[in-house]
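The block underneath contains the structure these notes are about, expressed in structure tokens.
Please treat every number below as a calculation from the coordinates, not as lab data. Just so it is clear, the structure is predicted and the values come from calculations on it, not from any experiment. Note that we place each Cβ from the backbone using ideal geometry, even for glycine, and neighbour counts take in every protein chain shown.
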Amino acid sequence: MSELRIGQGFDIHRLVAGRDLVIGGIRIDFEKGLEGHSDADVLLHAIIDALLGAAGLPDIGRQFPPSDPAYRNADSAELLGTVVSLVRRAGYKAIINVDSTILAERPAMHPHVPAMKEKIARVLDVAEDRISIKATTCERLGAVGREEGIAALAVCLIARDE
């Protein structure tokens with residue numbers, strides 16, 4: 001019998017000039033990027049927190065503190081790989097699936113979803129059909145709707161063999 005655990009994650013970062021836009025491990029051509037200590041990849045950060053939460057581990061801010069210069073401009077795909085190792089060391093042998101949503105008015109995310117899925121599946125060492133990435137706008141409501149930032153939500157399911 002396997003023990004199943006679910007986790008959820010959320011992240012939001014402000015859009016600013018002078019930064020690359022990286023979402024789902026993919027660089028997207030856009031006039032602004034996301035502000036943050038690392039590459040500020042909101043999708044990977046949400047997935048990281050979902051995985052950490054499912055495994056009962058400390059959140060992304062405690063694993064990779066923004067006060068630590070080692071994580072300045074860090075590649076979030078590498079951080080995600082580290083989290084996969086932490087989850088496995090905690091006794092969870094399988095990542096069953098990840099379901100996620102990107103919230104952004106612009107740029108359009110749909111053209112980039114296949115590359116994001118491929119990258120995330122490779123880092124998680126799972127089949128691409130176990131990764132779901134949806135994208136939506138906020139209908140011009142709130143900070144995301146005013147194009148002040150981009151947000152992401154993620155849930156995941158992991159298993160520990162008993």
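Rounded to the nearest 20 debye, what is the charge dipole size of the stretch 2-161 about its Cα centre when +1 sits on each Lys and Arg Cβ and -1 on each Asp and Glu Cβ? Before the final figure, lay out the partial values.
Working: 19 positive and 23 negative charges, 50 e Å.
Magnitude of the dipole: close to 240 debye.
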Cβ neighbours within 10 Å, averaged per peptide: list 81-93, 65-77 in order, most packed at the top. 81-93, 65-77
Determine which aspartates and glutamates satisfy two conditions relative to Lys119: a Cα distance under 12 Å, and not lying fewer than 8 residues away in the same chain. Glu78, Glu128
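To the nearest 20 debye, what charge dipole does the stretch 29-90 have about its Cα centre, counting +1 at the Cβ of each Lys and Arg and -1 at the Cβ of each Asp and Glu?
Details: 5 positive and 10 negative charges, 81 e Å.
Magnitude of the dipole: close to 380 debye.
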Treating cross-link reach as a plain straight distance, find the aspartates and glutamates whose alpha-carbon is under 17 Å from the alpha-carbon of Lys134, omitting any fewer than eight places away in the same chain. Asp11, Asp41, Asp99, Glu105, Glu118
For Lys32, list the aspartates and glutamates whose Cα falls under 12 Å from its own Cα; do not include residues on the same chain fewer than 8 positions away. Asp20, Glu147, Glu148
Two-decimal log10 I(q)/I(0) for the chain, as the Debye equation yields it once each C-alpha is a single scatterer, q = 0.14, 0.18, 0.21 Å⁻¹: -0.65, -1.06, -1.39
Out of Ala17, Leu103, Leu141, whose Cα points farthest toward the positive end of the dipole of the stretch 2-161 (charges: +1 Lys, Arg; -1 Asp, Glu; placed on Cβ)? Leu103
